[in-house]
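Okay, here's the structure, questions in a sec.
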Amino acid sequence: MLQKVDFESLTGSGPSYNELQELHSALEEAKADIVGLWALRFLICQDLLSKSLLKSMYISFLAGCFRSVRFGLQEAHGKGQALQFNWLYDKGAFILHSDKTFSVDFSRVEGAVESLSREILTIQAKGDKEAANLLLQKYGKMTQPLKIALQKLEKIQVPVDIAPIFPIASKILE
């Protein structure tokens, strides 16, 4: 929930929109998520949120990456999530174990989140389309660790999303 609040406060159509063109949306989605995660840590460090959230937010973020990527990399949010997952994996913040499970390296995740936040914010501030393209080509793709996670989710039949039914709302609308 808190991540969603931070996400909404961090999205925008700043000066990079025109410069980054077709790359803007995926980068903007990634920025909103990763800077939102950084902002939550900041609020925790300022004692504005409970320190008990620190580890669980990174674990929830990892799970959220798998969920969003399942919608496809052709969508901006999916590509942005792949970028974030692959960056954090590359920096050793997310670990794939031999039993095909993942974990978070809490000694590395904060630095990885900060470095990706800085990278995306710098690219957007400069309107550097070449750097955005290189970043998305390197990290915004389906990698072997992501494939392993998605295959495991498919094998155990975890639904991509849910379709809630609201009986009271249905009655009201009748």
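The values are calculated or read from the model by the stated rules, or taken from the named source; none is laboratory data. Since the structure is predicted, the reported quantities are computational estimates derived from the model, not experimental observations. Methodologically, a virtual Cβ is constructed for each residue, glycine included, from the backbone with ideal geometry; neighbour enumeration extends over all protein chains shown. We work out accessible area using only protein heavy atoms, side chains counted, and drop any ligands, DNA or RNA first. Shrake-Rupley method; radii C 1.70, N 1.55, O 1.52, S 1.80 Å.
Look at the stretch 42-59 and say how many of its residues are surrounded by 14 or more Cβ atoms within 10 Å (Cβ to Cβ) and either within 24 Å of L146 (Cβ to Cβ) or acidic (D, E) (or both).
The total comes to 3.
More than 22 Å from K31 (Cβ to Cβ), crowded, with 18+ Cβ neighbours inside 10 Å and either touching a Gly at 6+ places or on another chain (Cβ under 8 Å) or in contact (Cβ under 8 Å) with a residue 40 or more places away in the chain (or both) - does that describe any residue in the stretch 135-145?
no
Listed here are the residues, each with its yes/no results for (1) modelled with pLDDT under 95; (2) in contact with a Ser or Thr (Cβ under 7 Å, 6 or more places away or on another chain); (3) farther than 30 Å from E22 by Cβ.
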{"residue": "F102", "(1), (2), (3)": "no, no, yes"}
{"residue": "E110", "(1), (2), (3)": "no, no, yes"}
{"residue": "I123", "(1), (2), (3)": "yes, no, no"}
{"residue": "G127", "(1), (2), (3)": "yes, yes, no"}
{"residue": "E174", "(1), (2), (3)": "yes, no, yes"}
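List pairs: first residue in the stretch 39-57 and touching a residue at least 12 places away in the same chain (Cβ under 8 Å) and farther than 15 Å from E114 by Cα, second residue surrounded by 10 or more Cβ atoms within 10 Å (Cβ to Cβ) and aromatic (F, W, Y) anywhere in the structure, Cβ distance under 8 angstrom, at least six positions apart or on different chains.
From the stretch 39-57, the pairs are K55/F106.
Test Y139 against the stated conditions and say whether it is more than 20 Å from M57 (Cβ to Cβ), under 18 Å from the mean Cα position of the chain (by Cα), of a type in the set (F, W, Y) and modelled with pLDDT of 90 or more.
When the stated conditions are applied, Y139 passes them.
Follow-up question, since we're still on this one. Being among the polar types (S, T, N, Q), part of a loop (DSSP other than H, G, I, E, B) and either open to solvent by 40 Å² or more (accessible area, probe 1.4 Å) or more than 20 Å from A63 (Cβ to Cβ) (or both) is true for just one of S170, S98, S115. Which residue is that?
Residue meeting the stated conditions: S98.
Going by the structure shown, is D99 farther than 15 Å from D33 by Cα and touching a residue at least 12 places away in the same chain (Cβ under 8 Å)? Working first, answer last.
On the way: farther than 15 Å from D33 by Cα: yes; touching a residue at least 12 places away in the same chain (Cβ under 8 Å): no.
No: the conditions fail for D99.
I've got another one for you. In the stretch 65-77, is there at least one residue being in contact with a Lys or Arg (Cβ under 7 Å, 6 or more places away or on another chain), surrounded by fewer than 22 Cβ atoms within 10 Å (Cβ to Cβ), more than 16 Å from L121 (Cβ to Cβ) and hydrophobic (A, V, I, L, M, F, W, C)?
Checked the stretch 65-77: at least one residue is in contact with a Lys or Arg (Cβ under 7 Å, 6 or more places away or on another chain), surrounded by fewer than 22 Cβ atoms within 10 Å (Cβ to Cβ), more than 16 Å from L121 (Cβ to Cβ) and hydrophobic (A, V, I, L, M, F, W, C).
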